[in-house]
1. Would you check if residue 401 is over 23 Å from residue 166 (Cβ atoms), of a type in the set (A, V, I, L, M) and open to solvent by less than 30 Å² (accessible area, probe 1.4 Å)?
2. Against the definition (within 16 Å of the ligand (Cβ to nearest atom), touching a residue at least 24 places away in the same chain (Cβ under 8 Å) and open to solvent by 30 Å² or more (accessible area, probe 1.4 Å)), how does residue 386 come out, yes or no?
3. If we keep just the residues of segment 1-25 that are assigned to a loop (DSSP other than H, G, I, E, B) and away from the ligand (no atom under 16 Å from the Cβ), which is farthest from residue 74 (Cα to Cα)?
4. Out of 319, 308, 314, I need the residue that is part of a helix (DSSP H, G or I) and of a type outside the set (Phe, Trp, Tyr). Which one?
5. If you take the residues in segment 255-278 that are over 24 Å from residue 167 (Cα atoms) and under 23 Å from the mean Cα position of the chain (by Cα), which one is least open to solvent (accessible area, probe 1.4 Å)?
6. Is it the case that some residue within segment 62-72 is open to solvent by less than 20 Å² (accessible area, probe 1.4 Å), out of contact with any Pro (no Cβ under 9 Å at 6 or more places or on another chain) and either in a helix (DSSP H, G or I) or under 17 Å from residue 165 (Cβ atoms) (or both)?
7. Output the residue which, of all residues in segment 156-187 that are surrounded by fewer than 17 Cβ atoms within 10 Å (Cβ to Cβ) and part of a loop (DSSP other than H, G, I, E, B), is farthest from the ligand (Cβ to nearest atom).
8. Sort out which residues of segment 365-383 are more than 16 Å from the ligand (Cβ to nearest atom) and open to solvent by 20 Å² or more (accessible area, probe 1.4 Å), and write them in order of number.
Amino acid sequence: MQDVPDLLTAATAVLAMNDRGTYTQPAHGLYPHQWLWDSCFIAIGMRHLDVERAKTELLSLLRGQWHNGMLPNIIFREDPQYRTDRNIWRSWVNPNAPNGVTTTGITQPPMLADAVVQVGAKMDWPERRTWYALMYPALVRYHEWLYADRDPHHEGLVLQIHPWETGLDNTPPWIAEMHEHQLPFWITCIRLSKLDKVVNLFRRDTHSVPMDERFSTIEALTLFDIQRRLRRKSYDANKILDHSLLTIEDLSFNSIFIRANTQLQHIATSLKQTLPPNLTTNMRRTEKALEELWEPYSSQYYSRDFVTHRLLKTPTIATLLPLYAGTISQDRAAQLVRLLENEHVFGPAFPIPSVPVNSFWYNPRLYWQGPAWVNMNWLIIDGLKRYGYKDHAAALTESTLEMVEKAGSYEYFDPRDGSGAGAANFSWTAALAIDLLKS
Ligand code: GLC
């Protein structure tokens with residue numbers, strides 16, 4: 001048997017390799033820019049190695065904050081070779097875009113408040129107070145923007161306008177809705193004429209990663225088509241919501257938002273600050289509204305179509321994320337844990353699959369349609385601990401570390417045998433492995 005390199009040393013080397021000074025790229029080549037929730041997960045691991053560098057990782061996200069409070073999912077590198085990436089988005093078409101950097105016009109799950117608290121946990125109180133005070137105004141603006149822009153009917157749940165906003169790019173409920181709302185004519189033509197094979201030659205992701213581990217070219221084109229439509233509306237929510245067909249109150253995003261609200265409240269209380277009353281009212285409403293996503297017959301939570309309020313009853317890894325939200329009852333948490341224990345649902349040899357093993361969608365190496373992802377495991381481990389499932393959390397920590405140790409810091413893993421898939425040397429896998437080792 002080959003020598004298994006020491007996991008901590010190997011993971012630290014991955015972070016060093018992807019370090020770009022003030023932020024960390026998710027993976028060399030495939031993901032060269034700064035991503036919002038990646039940097040949050042990266043800082044959570046990095047805090048064990050270098051607290052100052054972890055602070056810088058999060059602070060550098062704020063240079064991308066829009067004037068209306070939005071945090072974009074990507075801040076682009078300024079090098080000339082990335083002009084195409086910047087031009088696809090053209091964030092400057094919206095007057096709220098920040099000065100001096102180019103970003104996308106959409107967001108990603110609000111992990112920042114939790115990351116700020118996790119990094120803060122490594123400091124003594126005087127230093128932590130300064131750290132919290134530094135991040136607090138930006139966090140308040142971000143959470144206020146999420147409600148103002150993404151909860152226009154004051155329902156408590158925030159909506160997403162592109163699957164990239166959930167971070168689970170090709171997760172089944174979104175892909176199913178995309179097909180439901182019809183592919184644009186030009187994409188149908190490409191499909192019928194089988195030109196997708198030619199288009200595929202221009203995809204950056206399938207050059208470094210096997211094609212059967214990424215989503216189809218037709219799906220990729222549809223995602224870009226949606227992005228183009230958002231750009232045409234200058235990323236202005238009012239204009240987008242007037243006509244948009246694909247708007248979903250996503251379960252994973254809202255679960256993460258609830259935890260972020262709790263952590264933001266914790267930061268405010270520590271600083272002896274009072275959150276704006278409107279924000280507090282909204283935050284309480286979100287906790288209640290999550291329960292509207294519960295469907296009693298299958299005893300699960302689902303995402304919901306924003307316009308029709310139809311539940312999108314396709315179970316995915318999001319099913320388990322209310323454990324991370326932390327506001328559901330002990331009884332409902334127990335029902336979710338039973339799904340995790342079931343080997344035919346979320347409990348194969350190397351959990352947790354991103355869709356259940358017994359799902360029609362399950363494909364063990366296909367991106368967000370089957371493989372296990374370390375960030376999802378981390379969120380669920382955190383939730384399990386808070387609900388008192390210490391043994392479950394310990395077992396999941398062990399199997400997660402085993403995958404990373406044996407295969408390396410891959411982007412995702414085959415849940416049957418723990419083998420790696422997607423990009424190699426992926427930053428959040430390395431960072432969160434460090435956190436699981438050290439916590
Ligand atoms: C992929 C993932 C997304 C992540 C990005 C950068 O698009 O689906 O969640 O933020 O890569 O790592």
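1. yes
2. Numbers: within 16 Å of the ligand (Cβ to nearest atom): no; touching a residue at least 24 places away in the same chain (Cβ under 8 Å): yes; open to solvent by 30 Å² or more (accessible area, probe 1.4 Å): yes.
No: the conditions fail for residue 386.
3. If we take residues in segment 1-25 being assigned to a loop (DSSP other than H, G, I, E, B) and away from the ligand (no atom under 16 Å from the Cβ), then 1 is farthest from residue 74 (Cα to Cα).
4. Within the list 319, 308, 314, the selection yields 319.
5. The residue in question is 267.
6. yes
7. Of the residues in segment 156-187, the ones surrounded by fewer than 17 Cβ atoms within 10 Å (Cβ to Cβ) are 176, 179-182, 184-186.
Those left that are additionally part of a loop (DSSP other than H, G, I, E, B): 181-182, 184.
Numbers: 181: 21, 182: 24, 184: 22 Å.
The selected residue is 182.
8. Scanning segment 365-383 gives a single hit, 382.
The values are calculated or read from the model by the stated rules, or taken from the named source; none is laboratory data. Remember, predicted model here, so these are calculated numbers, not experimental data. All Cβ positions, even for glycine, are placed from backbone atoms using ideal geometry, and neighbour counts span all protein chains on display. These accessible areas exclude ligands, DNA and RNA; they are computed on the full protein's heavy atoms, side chains included. Shrake-Rupley method; radii C 1.70, N 1.55, O 1.52, S 1.80 Å.
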